[in-house]
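Note sheet for the following structure.
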Amino acid sequence: MHESAPMFPSRSTEVVSRRRVWRWLALLPLLAVLGLADSSYLLWRHRAETSGFCPTGGCDLVNQGEYSEFGGIPVAAFGIGAYLLLLSLSIAAMTRPGRRALAMLAAVAGTGAIISAWLIYLQVAVIESICGWCVLSALTMTSLFVLSLSALVVTRPSQPSDAAVAEPLTPGPTGALRRAFRLPLMALGMVALVAALLGGLYRLGWEWSGIPTTLPAVHGPLMVSGFLGTLIGLERAVALGRWWPALGPLTTGAGAVILMIGGPGVAGPALMTLGSLMLVITFVYLIREQPALFTVTMGLGALVWLGGNTLWLSGWSIGSVIGWWAAFLILTIAGERLELSRFLPLARRHRLSFLAATTLFAAGLIPVETAFDVGTRLSGVGLTAMSVWLLRHDMARHAVRKTGLHRFVALSLLSGYVWLAAAGLLTLGLGGMAAGLHHDATLHAMHQHNGPDGYDATLHAIFVGFVFSMIMGHAPIIFPSILGIALPFRPVFYSHLILLHLSLALRVAGDITAWWPGRLWGGSLNVAAILLFLVNMAASALSGKRSARLENAGGRSG
């Protein structure tokens with residue numbers, strides 16, 4: 001006993017040291033995303049014809065001058081490639097043991113810091129004008145180099161660089177979000193969902209006088225941030241057993257209400273952006289407690305959502321940021337499925353293939369006119385690869401052999417992956433057309449459909465086919481954990497799932513073939529399927545409550 005006593009102080013010192021390294025590692029992907037957003041903005045401004053905001057006044061002169069390209073390729077494009085590589089390496093450093101990823105990250109960031117220093121010298125000594133956004137990129141790259149080098153020096157060869165050695169997350173009941181506060185937050189999300197469905201019906205062509213005129217224009221934000229963002233934020237708050245993450249769904253729900261009533265200014269988008277920031281903070285906390293590929297993937301999804309909301313808040317159109325919002329949901333769902341796939345053995349090559357597919361998909365978010373079509377097709381390759389990966393490695397392919405709720409959930413997930421693959425193939429085949437290039441936003445407002453609409457087909461293959469299949473499959477599990485109610489499985493659950501897929505197939509066929517009635521009725525039945533889903537969930541809740549009451553009565557009588 002006495003001989004083992006000195007081991008405890010040594011272990012404590014080791015834990016403190018590794019926690020210090022973890023703090024540095026947690027900043028690396030955040031800095032990489034900041035640099036990626038900065039370089040993307042610079043590349044967008046490189047082709048812009050109007051002046052943009054510049055904190056130092058010389059951004060356009062530098063970014064559009066003779067030193068802004070190398071070999072005919074914009075310097076900012078090289079920056080995007082570098083930050084994508086750094087983002088992948090930072091994820092590898094957080095989720096895999098060893099020093100190799102850190103060494104590669106430090107080498108790439110160090111090279112980037114040297115190049116950035118040379119570019120800053122050109123601005124000062126040759127161009128005689130300073131680009132504030134270029135300075136931000138230089139500082140970001142230098143910070144990546146310093147942090148990665150520091151972590152590399154402190155991490156011993158025998159010490160895993162991605163383990164925080166934290167105690168398991170066992171929140172006490174005093175920090176949990178009380179059930180009385182969960183229902184109002186869930187209600188905000190549901191109200192946003194219904195409002196989004198009404199706005200979608202109007203955009204399809206149903207000009208009902210009862211639909212508020214404010215809803216069609218905010219159909220997308222209400223669905224993504226108002227409903228899905230609120231639901232995901234609430235689920236994370238309940239899972240963590242903490243009350244403070246619930247501030248996120250509270251702000252997104254409030255932002256949805258402001259959008260529904262046509263509130264003035266940027267109040268609605270600002271609240272939704274604040275809610276996405278709260279989700280990022282939540283995942284930083286979660287990743288610190290449990291560093292793993294699935295937590296980092298969901299954290300990146302939250303970051304992408306924050307990026308899309310920030311761009312929307314700064315004046316970008318909804319069509320320009322819809323890809324960011326789609327990436328938020330795809331990465332979040334993929335991360336959640338990765339979490340469950342921990343129970344299946346995954347080889348190193350399988351994890352690397354997932355990272356490769358995710359990187360290809362994220363590359364399509366580059367907002368550049370010259371590379372928009374190519375980037376979108378590259379994103380389609382990643383999307384297709386990700387769907388194939390999920391079909392191959394998700395536990396659903398095993399659970400589908402079971403019965404009852406297990407089979408229903410598995411069929412919901414697998415059918416959703418098929419729609420994700422369809423969206424990937426549409427994106428790959430149509431390129432920029434699938435992402436809204438040359439898409440006339442007034443086409444929906446005028447309720448016309450004079451030609452094929454690959455944008456609508458791709459968008460709803462993701463948001464309706466993939467996302468809502470995931471919701472329908474997870475609802476009997478997630479809703480009881482959030483609200484504390486029982487949702488016993490009933491065979492009637494298949495009714496809303498089948499209606500969803502058949503109606504979406506009709507809608508997509510109408511989009512691709514320019515058959516307006518197919519798109520109109522397919523979209524309308526999409527709404528009917530979602531409403532039927534809510535009705536079936538409510539009926540299941542009542543049935544579960546009635547069964548519990550009968551069991552309690554039987555227990556008392558016995």
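Points to keep in mind about this one:
- HN-Hα J in Hz across region 112-119 - Karplus 6.51, -1.76, 1.60, θ = phi - 60°, x for Gly and Pro: x, 5, 5, 4, 4, 4, 5, 5
- For region 379-396 and region 119-155, distance of Cα centres in Å: 37
- Backbone amide hydrogens, once placed in the peptide plane, bring Glu69 within less than 5 Å of Val75, excluding anything fewer than 5 places away on its chain.
- Debye-formula intensities of region 373-433, expressed as log10 I(q)/I(0) at q = 0.24, 0.27 Å⁻¹, are -0.83, -0.95 (one equal scatterer per alpha-carbon, no solvent).
- Principal semi-axes in Å for region 22-155 [√(5λ), Cα gyration tensor, largest first]: 29, 14, 12
- Accessible carbon and sulfur surface of region 22-155 relative to its total accessible area, %, 1.4 Å: 68
The values are calculated or read from the model by the stated rules, or taken from the named source; none is laboratory data. Remember, it's a predicted structure, so these values are computed and weren't measured experimentally. Heavy atoms of the whole protein, side chains included, go into the accessibility calculation; ligands, DNA and RNA do not. Shrake-Rupley method; radii C 1.70, N 1.55, O 1.52, S 1.80 Å.
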